[in-house]
Amino acid sequence: MSASSARRLAATVLAAGAIASAAALPAVAHDRDGDRQQRTSVEISAVQANSPGPDTRSNRSLNREWIEITNSHRRAVNLDGWTLRDRDGNRYRFDHVRLAGRATVRIHTGVGRDTDTDLYMDRHHYMWDNRSDTATLRNDHGRVVDTESWGRGGHHRG
């Protein structure tokens with residue numbers, strides 16, 4: 001085999017390996033701030049759909065209904081434009097939210113002041129059905145990142 005044939009064969013093998021490796025990688029989220037791609041490990045990590053005590057629609061009761069989102073990756077994820085929806089189509093949109101690496105944020109239904117660990121939907125009515133519902137987290141491109149369902153048929157993670 002000539003030297004040029006050997007180089008072409010080696011280049012073909014390397015290209016095929018790169019394509020196969022890229023196909024095996026997990027989904028990635030685009031970090032607009034750093035203009036680089038990173039693996040995303042953002043998920044719905046906990047749900048309290050039924051606030052403790054009677055459903056009085058007080059702000060305290062509304063804020064005891066929450067969903068937690070966790071970023072298990074070491075890098076921060078820009079959640080700007082991401083959404084959290086219930087089965088009926090009610091939606092919360094993340095606006096100017098950056099979730100630090102290995103951090104969790106709790107999204108409360110009621111009114112409050114946003115912090116790094118707590119966000120508020122500023123709703124005056126409950127969002128999550130106590131008995132049966134599905135929370136869907138979508139990224140800023142509308143792709144489903146995670147789902148969490150409860151009730152009717154039991155607990156389900158998607």
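Values in this text are rule-based calculations from the coordinates and carry no lab data. For clarity, every value in this text was computed on a predicted model and none was experimentally measured. For neighbour counting, all protein chains shown are included, and Cβ atoms are generated from backbone atoms with ideal geometry for every residue, glycine included.
Data table
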quantity: Computed E for Arg75/Arg152 - FRET, C-beta separation, R0 41 angstrom, nearest 0.05; calculated: 0.65
quantity: Relative contact order computed over segment 43-158 (Cα-Cα under 8 Å; 6+ residues apart), in percent; calculated: 25 percent
quantity: Segment 77-139: relative contact order in percent, alpha carbon pairs under 8 Å with at least 6 residues between; calculated: 36 percent
quantity: Distance in nm between pseudo-label sites at Asn90 and Asp116 (7 Å out along the Cβ direction from Cα); calculated: 3.0 nm
quantity: Segment 62-158 shape via C-alpha gyration tensor axes, a/c threshold 1.5; calculated: oblate
quantity: Computed lengthening from His125 to Arg143, 0.36 nm per intervening residue step minus Cα-Cα distance; calculated: 3.8 nm
quantity: Anisotropy class of segment 100-144 from Cα gyration tensor, a/c 1.5 cut; calculated: oblate
